[in-house]
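Novice: First, the structure itself, so that you have it in front of you.
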Amino acid sequence: MIELNAIEQGKSIVVVGGGVAGMEAAIIAAQRGHKVVLLERSNDLGGQALLAAQPPHKEEINSLINYLVTQMKKQGVLVKFGIEVNRSVLEKLKPDEIIMATGAVPLSLDVPGLSPKRAILAWDVLKGLATIGEKVLIIGGGQVGCETAEYLLQQGKRVTILEMEDKIAREMSSINRQLLSQRLTNLGVDILTLAKLVEVDQDKVIVDQLGVKLTFSGFESIIIAIGAQSYNPVGNDVGNIQVHVIGDCRKPARLMDAIHDGFYVGSNI
């Protein structure tokens, strides 16, 4: 068991964001004796981990979320839902320190002919917010794009993945990438690497693969999974209150990196 640094006097800590980084930071800070309030703008805890738990073979992430929620209750963390945080909200609470763990937002794609209405974000697919056709093109073959493909294959969709790099899911470990790639191949996914979407013309998509223009048709849905960017609605300066930025709010990364961030800040605040 890891021994946490003792504190002489507890502080008032506000954690903004109820993803895994925010929950871990809240748990550790409260365990050390701080008074912790966690503010979450939605009505659920888990953040992007809730999305990560949707594809096949990722169900264990729900167990992690449930564990963190249970630990927060045990440590007496006060959770407030439906709070859209801004500088005014934080200044009124007057905490000693703030932990920003507001996660990231998905990147959009600007391609001629691709209207916002037709470009569906992978996150919205995993949230169950989008109606998806039978033949699907996923732009982006990173982990999110590939796992979204698996999620849709479970529903009987026909999926093509378009990836600019020379391999899919580059951010995953070698063994996990190989397993994922094999599952996708076995399920009949078409994967185009070193390829970039350059134009959408009604029901046709035009792809550049190593300088060669390829035209495909018949895709009923185009899903965007090209990554994310940090989301921090407040910034790092809230009057004279010290602000710690963690998790994807600091830099989009892996789930375990977010937990490590939360543990580190909670241990040292």
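Just so you know, all these numbers are worked out from the coordinates, no wet-lab data involved. Computed from a predicted structure; not experimentally measured. For neighbour counting, all protein chains shown are included, and Cβ atoms are generated from backbone atoms with ideal geometry for every residue, glycine included.
Novice: Which order, highest average first, do 207-213, 174-180 follow once you tally other Cβ atoms within 10 Å for each residue and take the mean per peptide?
Specialist: Details: 207-213: 11.4, 174-180: 13.0.
The peptides rank, most packed first, as 174-180, 207-213.
Novice: Could you work out the relative contact order of region 108-224, using alpha carbon pairs under 8 angstrom and six or more residues apart, expressed as a whole percent? The partial results should precede the final answer.
Specialist: On the way: 212 pairs, mean separation 39.4, N = 117.
It comes to 34 percent, rounded to a whole number.
Novice: Extending each Cα 7 Å along its Cβ direction at V198 and S108, get the distance between those two points in nm, one decimal.
Specialist: Label-label distance for V198 and S108, simple model: 2.4 nm.
Novice: Now a separate question. Dividing the convex hull volume of the Cα atoms of the chain by its residue count, what figure in Å³ per residue is obtained?
Specialist: Values: hull volume 37.5 nm³, N = 269.
Output value, Cα hull per residue: 139 Å³.
Novice: What share of Cα pairs, in percent, lie more than 16 angstrom apart in region 108-224?
Specialist: 57 percent
Novice: Could you estimate the translational diffusion coefficient of region 115-167 from the Stokes-Einstein equation, with Rh from the Kirkwood formula over C-alpha pairs, at 37 °C and 0.692 mPa s, in whole µm²/s? Working shown, then result.
Specialist: Numbers: Rh = 11.4 Å.
It diffuses with D of about 289 µm²/s by this estimate.
Novice: Can you list, bin by bin at 5 Å, the percent of alpha carbon pairs in region 33-178, starting at 0?
Specialist: 2, 7, 14, 18, 16, 13, 11, 10, 6, 3, 1, 0
Novice: Would you calculate, for the chain, the mean residue ellipticity at 222 nm contributed by helices, counting each DSSP H stretch of 4 or more residues as -39,500 (n - 2.57) and dividing by all residues, to the nearest 500? Write out the running numbers ahead of the final one.
Specialist: Details: 8 runs with 82 residues, N = 269.
One gets -9000 deg cm²/dmol as the mean residue ellipticity at 222 nm.
Novice: While we're looking at this one, here's another question. List the aspartates and glutamates whose alpha-carbon lies under 18 Å from that of K35, not counting same-chain residues fewer than 8 positions away?
Specialist: Within the straight-line cut-off, K35 pairs with E8, E24, E91, D96, E97.
Novice: With a cut-off of at most 15 other beta carbons within 10 Å, and DSSP calling the residue loop, which trypsin sites (Lys or Arg not before Pro) in region 75-157 qualify? Please list them.
Specialist: Details: sites: K80, R87, K92, K117, R118, K127, K135, K157; in loops: K117, R118, K127, K157.
Sparse-neighbourhood loop trypsin sites (Lys or Arg not before Pro): K117, R118, K127.
Novice: If you take all C-alpha pairs in region 4-91, what percent of them are over 19 Å apart? Working shown, then result.
Specialist: Working: 1547 of 3828 pairs.
Result: 40 percent of Cα pairs exceed 19 Å.
Novice: Let me ask something else about it. Of L197, I139, G211, whose Cα points farthest to the positive end of the dipole of region 108-224 (charges on the beta-carbon: +1 Lys, Arg; -1 Asp, Glu; origin at the Cα centre)?
Specialist: Result: I139, furthest along the dipole toward the positive end.
Novice: Within 10 Å of each candidate Cβ there may be at most 16 other Cβ atoms; applying that plus a DSSP loop requirement, which GluC sites (Glu not before Pro) in region 38-89 survive? Working shown, then result.
Specialist: Details: sites: E40, E59, E60, E84; in loops: E59, E84.
Listed in order of number, the matching sites are E59, E84.
Novice: Give me the compactness ratio for region 102-141, meaning the Cα radius of gyration over 2.2 N^0.38 Å. If you can, show how the numbers build up before the last one.
Specialist: Working: Rg = 11.1 Å, N = 40, 2.2 N^0.38 = 8.9 Å.
Cα-based Rg divided by the globular estimate yields 1.24.
Novice: Rg and Dmax of region 161-269, Cα atoms, in Å?
Specialist: Looking at region 161-269, its Cα Rg and Dmax stand at 19.8, 57 Å.
Novice: Distance between the C-alpha centers of region 170-197 and region 231-269? Whole Å please.
Specialist: Their Cα centres are 31 Å away from one another.
Novice: So, one more: Under the Karplus relation 6.51 cos²θ - 1.76 cosθ + 1.60, θ = phi - 60°, what is the ordered set of whole-Hz ³J(HN,Hα) values for region 145-154, x standing for Gly and Pro?
Specialist: Using θ = phi - 60°, the values come out as x, 5, 6, 5, 4, 4, 4, 6, 4, 4 Hz.
Novice: Explain nothing, just the number: dipole magnitude of region 108-224 about its Cα centre with +1 on each Lys and Arg Cβ and -1 on each Asp and Glu Cβ, in debye rounded to the nearest 20. Provide the component values of the computation, followed by the final result.
Specialist: On the way: 13 positive and 15 negative charges, 36 e Å.
Dipole of region 108-224, to the nearest 20 debye: 180 debye.
Novice: Modelled label-to-label distance, Y67 and L4, 7 Å Cα→beta-carbon offset: nm?
Specialist: The two pseudo-label positions are separated by 1.6 nm.
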